[in-house]
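Read the structure below first, then the notes.
Laboratory data are not the source of any read-out in this text; all were calculated from the coordinates shown. Since the structure is predicted, the reported quantities are computational estimates derived from the model, not experimental observations.
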């Protein structure tokens, strides 16, 4: 399977997005190649030769040989090329022959920043952290729009200059709400959906639609302590570590491939409310790292697991 993964120019509204894309996409000479394929000799040599023949310079290369599955996972960042600008789709077409020879599933990403659709409910700590990192230039992505099933966080989003769209989601309107979500994702040309403490369960159909393109932060160190009050469960059990888990969204609730986890050591002096406060820091940090690594194309799916090239 072959794919070209495009980012988008930083735009704030659908109208601006249409205007920006009308004149064509901005070209870039910075690319990231990610792939998986069966292990065999000559893979790295073939990739290096392909890039060298076209005048590219490899600036970062990481690979992982999974001897259990017999597959190689690889990420190569490269720059340069010929004096004439190169488009990602044209370069991917040229790479097809090499990919076919080695049975590669690959994606070729250009240097455009990924665009995020952030979903929230009432808790604002993860959204606030993502906004701060985006404004500081350390997130590695552009927040395009915030969607919520409540109005509580509208002031936070709009203070940051972000569109805020209220999409109610009740038992009777779930299908309509999820259809609207996909409309918004297309309207704002988003690449990744981030569930930043969005307290609604997505349907199996939507999970399949967003496979590999939606990240959730679970307010617990998975697996364990599932449900609405994991910190209270942890308190009741007298745990010495609490944490948070950022994972890809799947139809299996809170069981998607884990990207990142953060933990803090605690003791008997902290009650449930104190654990919640500590836990919010864990959630914000784990989610931010997962989003950044995904948007830098450092996360590759390996069945129910992930390979993360940090």
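Provide the percentage of antiparallel DSSP beta bridges, counting only those with both residues in the chain; round to the nearest 5. The partial results should precede the final answer.
Working: 40 of 61 bridges.
Rounded to the nearest five, the antiparallel share is 65 percent.
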- Could you state the number of Å between the C-alpha centres of segment 106-134 and segment 26-65? 27
- Query: Against the longest principal axis of the chain, how steep is helix 174-187, in degrees 0 to 90 to the nearest 10, with axes from Cα atoms?
  - Reply: 40
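Would you calculate, for the chain, the mean residue ellipticity at 222 nm contributed by helices, counting each DSSP H stretch of 4 or more residues as -39,500 (n - 2.57) and dividing by all residues, to the nearest 500?
Working: 9 runs with 105 residues, N = 310.
Taken over the chain, the calculation gives -10500 deg cm²/dmol.
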- With Cα atoms, 0 to 90° folded angle of helix 125-136 axis to the chain main axis: 40
- Helix 88-102: inclination vs the chain longest Cα principal axis, degrees, rounded to 10, gives 80
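From the Cα gyration tensor of segment 87-232, with a ≥ b ≥ c the square roots of its eigenvalues, which class applies: rounded if a/c is under 1.5, or else prolate if a/b is larger than b/c, or else oblate? If you can, show how the numbers build up before the last one.
Numbers: a/c = 1.82, a/b = 1.56, b/c = 1.16.
Prolate, since a/c reaches 1.5 and a/b exceeds b/c.
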- When the chain is treated as a GNM, springs tying every alpha-carbon pair under 10 Å, which of 295, 126, 37 comes out with the largest mean-square fluctuation? 37
